[in-house]
Structures are given as structure tokens and as C-alpha cells.
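Structure, as C-alpha cells:
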Amino acid sequence: MRIAVIPGDGIGPEVIAETIPVLEWARGQGRQMDWLVFPHGADHFLNTGETLSNRTFMHLRDDYDAILFGAVGDPRIPDGRHAEDILLRLRKDLLLRVNYRPCSPMLDVHVPLKGVSAAEIHLEVFRENTEGPYCLKGESSGQTAMDFAIHTQSAVSCLLRAAFQQAEKHNAPLTLAHKANVLKHGHGLWMRVFRELQPEFQTVQSNAMHADALLCALVQRPGDFGVIAADNFIGDLISDLLAAFQGGMGLAASSNLAIAGDPAFKGRPFRCTGLFEPVHGSAPDIAGKGIANPAGAILSVALMFRHQGWEETAKTVETSVAQALKEGAATRDLGGRLNTKKMGQALRAGLH
Ligand code: NAD
Ligand code: IPM
Ligand code: MN
């Protein structure tokens, strides 16, 4: 496996530094891989004017199997142009339709919901990752501003089919989060595709819910839900709620995945089929202090190993993280005192 590592901005490089020994360990276990670190992010843009050139994009697409990503976002670039050109472009142009964001809290004390234990919560977000309001240029006269959202049958089908398949595999309920009551065209299309797929997945208990009501129900009875499918925007919001269920932004992991049968590949899939990143951003409020929690980044490496088919290696990483947390390893966001480096060491202690 060839991995392109893009640490990015803020705490991105701090948490990604703690993932490199995980790659080295896995290689020591006989997993064949190499990686190269790319400088793309705010500093690189401010120094060179390059966000992500077409040449680099094609290099990542054709010469790497996976991208390990930190975070992008920098107060010196308030319009977030480089984030759009790097992260959003990679998701969109690599056709990484699914943003997969699992939520299985590891410890009861991490769950902020009254009377709910970690064992009751097994949620998985399938967020559409290439469309919605993220991908079209809006406009503004200053007084009036417009953003536009696009939803295509082909992207929505890819996402929903993947979500149905996961629900089937895990024997979990599937809920589509939507606002078709107001977004009649876009979310109307989601509803139609959802209804069309339901008969194909008769063993899956599937339901569509208004996203606002779903958020309320998720907080009140998270154990009733399993796989949650949503468009790009609603999926983004649900992701951070579920990060809170797991103990906060520092713990949540995610992958961005290509779908093998995606018609947009026209039968010729790209080499790069996944981008793996913690759910959190660059956290400018704590960047440079060495206190960020690297768990979300390390758990994203586990998702990358799993995607590569290295299930046992992925499990060992997850078990090591879970064991360290259980033994009380904690950065400040978890109420502890460990800095990023010590936390990284503790989370990796079970890698033998
Ligand atoms: P954020 O996720 O960066 O931070 C939200 C809060 O969580 C902050 O208080 C932060 O300190 C805390 N936090 C986040 N990660 C943490 C960690 N690993 N350990 C401990 N605490 C952690 O979200 P934001 O503040 O809304 O955004 C900051 C910047 O990051 C913005 O520019 C935003 O656009 C960008 N962003 C990028 C990504 C990404 O690259 N995937 C994701 C989200 C936000
Ligand atoms: C995320 C982030 C990004 C998103 C931003 C930084 C563009 O919030 O990965 O969840 O909204 O997708
Ligand atoms: Mn987000």
C-alpha cells in the first residue's frame, strides 16, 4: 500500500505525527507499505500560491492507494479557499462518495447522555461526500446571498446503496435523515431513490426521518438507531453530534471511500480509493500547544487498515486505543493531563 500523508494545518501535523509510529509498527508486522508526506495546507499556500495543483492531484489519484489526512483550516485564510481546493476537491474529484463516520463509544464515562452506557451505542454515519451545497459556487451581492445544492441520482444511489449494504451486513436499522418537507427537489430525489432501494433490502428495517426530529431522537434514544444516511450538509452536522456521544472531537475517526461500482468511473476506478482523517478540524484554539488528542487520527489509521483488508491489524490498533483509554490515558479534552506525545505513546502501548 502506498500512502500519501497530508498533515495540513493547526493540530493536523500534531496528531498525524502520532500516527506515523503506527504505520511503522504495521510495517514491522509484515504489512507492506510505504508513505510520503506532502506539504499541502495553509503554509504551503501562503508560501507558494499553490493550494493543490492538477499535477499533484493526478499524482495522488494515480500513484497512491490511500491518503492519510490531518486537517485544513487557518485563520490567515478566512475564505477557506485552500480547504476547498485540497480537502473538498480530493473528496469530490477522487469520487469518494461515502464519508463513513462510525460512533461506538469506548467507555461509559465518555458518553455524555444521562443513563446511557457505551455498549448501547453503535452508530455509523454514511454522509454523501461529493455534492449538496458543498460543490457549486454560490453568489452574493452583499445584500442578498445564495448558495446552491446539487443532488444527482447517481451519487445518491451510490451512497444509499452502500448504506443499505452496511445495514444488511451489520443487521442494523437504517435511517435516512432528510428535510424533504422543505427541500422538495433535492431531498425529494433522496426520498425517491430510498423508496426504490427498499424492496431490494427487505431484511433491513429502514426508515426516513426528518433530520431535525432525528437529532432529538438520537439524543433521547441513541440505541434505537444504527446506520444513518444523509446528504453532505446534514451528515456533517450529525457527525459532530456523534463525536460528542463518543467523548468529543478528539476521539472521532472517519474515512472517505470510493464505491467500486460507481458509474462515474466508467469501468476504470482510480488507484486511490480512500482518504482517512479524524472528524475534527485544525482546532486553531489549541494548535501549537501540544495538547490535541491524537486518538481520532490513530483510529482513522485503523479504518485505513480495515479498508485495505488488514482486519487483524486494524483490530489491534483499536484494541490498543481502547485499552489505554480504559486505563485512564487522557488528554485535556477528556479531563486528563497528558500532552499529545504522551497520549500517542499510551494509545500505541498495546501494539506488539
Ligand atoms: P474543530 O473540530 O477544529 O474544533 C472544534 C473544537 O474541538 C475546538 O474547541 C477544538 O479545540 C476541539 N478539538 C478538535 N479536535 C481536537 C482534538 N484532537 N483534541 C482536543 N480538542 C479538539 O472545528 P472548528 O473550530 O469549527 O474549525 C476549525 C477549523 O478547522 C476551521 O477552519 C474549519 O473549517 C476547519 N475544519 C476542518 C476539518 C477537516 O479538515 N476535515 C474538519 C472540521 C473543521
Ligand atoms: C468535516 C469538515 C469539513 C466539512 C469542512 C472543513 C469543509 O467540517 O470534515 O466535517 O464540512 O466537510
Ligand atoms: Mn464537519
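Go over the candidates Leu351, Leu347, Leu338 one by one and state the one that is modelled with pLDDT of 95 or more, farther than 30 Å from Leu159 by Cβ and assigned to a helix (DSSP H, G or I). Spell out the reasoning first.
Working: Leu351 fails: assigned to a helix (DSSP H, G or I); Leu338 fails: assigned to a helix (DSSP H, G or I).
Just a single option satisfies the conditions, and that option is Leu347.
So Pro294 passes all but one of these: (1) more than 8 Å from ligand 1 (Cβ to nearest atom); (2) open to solvent by less than 20 Å² (accessible area, probe 1.4 Å); (3) within 14 Å of Pro21 (Cβ to Cβ); (4) not aliphatic (A, V, I, L, M). Which condition number does it fail?
(1)
When only residues in the stretch 85-126 that are small (Gly, Ala, Ser) and in contact with a helix residue (DSSP H, G or I) (Cβ under 6 Å, 6 or more places away or on another chain) count, which is nearest to Ala155 (Cα to Cα)?
Filtering the stretch 85-126 for residues small (Gly, Ala, Ser) gives 104, 115, 117-119.
From what is left, the residues that are in contact with a helix residue (DSSP H, G or I) (Cβ under 6 Å, 6 or more places away or on another chain) are 117-118.
On the way: Ser117: 35, Ala118: 33 Å.
It comes out as Ala118.
Are there any pairs with C-beta distances below 9 angstrom linking a residue in the stretch 258-278 that is under 15 Å from Arg97 (Cβ atoms) and within 16 Å of ligand 2 (Cβ to nearest atom) to a residue that is open to solvent by less than 50 Å² (accessible area, probe 1.4 Å) and part of a loop (DSSP other than H, G, I, E, B), with the two at least 6 apart or on different chains, and if so which?
Hits for this filter: Gly274/Asp65; Gly274/Leu94; Gly274/Leu96; Gly274/Ala258; Leu275/Leu94; Leu275/Leu96.
If you take just the strands (runs of 3 or more DSSP E) that sit entirely in the stretch 151-269, which of them hold at least 1 residues that are within 16 Å of ligand 1 (Cβ to nearest atom) and outside the structural domain of Ala329 (by TED's automatic domain parsing)? If you could, list the steps in order and put the result at the bottom.
Values: elements: 174-178, 206-210, 227-230, 253-257.
Strands (runs of 3 or more DSSP E) meeting the threshold: 253-257.
Taking the stretch 33-44 on its own, how many of its residues are open to solvent by 30 Å² or more (accessible area, probe 1.4 Å) and either among the basic types (Lys, Arg) or touching a Leu at 6+ places or on another chain (Cβ under 7 Å) (or both)?
In the first step, residues of the stretch 33-44 are kept if they are open to solvent by 30 Å² or more (accessible area, probe 1.4 Å); the result is 34-37, 39, 43-44.
Applying the additional criterion that residues be either among the basic types (Lys, Arg) or touching a Leu at 6+ places or on another chain (Cβ under 7 Å) (or both) yields 35.
Of the residues in the stretch 33-44, 1 are open to solvent by 30 Å² or more (accessible area, probe 1.4 Å) and either among the basic types (Lys, Arg) or touching a Leu at 6+ places or on another chain (Cβ under 7 Å) (or both).
Considering only residues that are of a type outside the set (A, V, I, L, M), within 25 Å of Leu237 (Cβ to Cβ) and out of contact with any Gly (no Cβ under 9 Å at 6 or more places or on another chain), which ones fall in the stretch 263-284? Break it down stepwise before answering.
Our first condition is that a residue be of a type outside the set (A, V, I, L, M); within the stretch 263-284, this holds for 263, 265-274, 276-278, 280-282, 284.
Within this subset, residues satisfying the condition of being within 25 Å of Leu237 (Cβ to Cβ) are 274, 276-278, 280-282, 284.
Gly274, Phe276, listed by residue number.
Of everything in the stretch 45-102 that's in contact with a His (Cβ under 8 Å, 6 or more places away or on another chain) and either open to solvent by 10 Å² or more (accessible area, probe 1.4 Å) or assigned by TED's automatic domain parsing to the domain that holds Ala167 (or both), which residue is nearest to ligand 3 (Cβ to nearest atom)?
Result: Val72.
The values are calculated or read from the model by the stated rules, or taken from the named source; none is laboratory data. No experiment lies behind these values; they were computed from the predicted model shown. In this analysis, Cβ positions are derived from the backbone assuming ideal geometry, glycine residues included, and neighbour counts consider all displayed protein chains. For the accessible areas, the whole protein counts, side chains as well, though only heavy atoms, and no ligand, DNA or RNA atoms are used. Shrake-Rupley method; radii C 1.70, N 1.55, O 1.52, S 1.80 Å.
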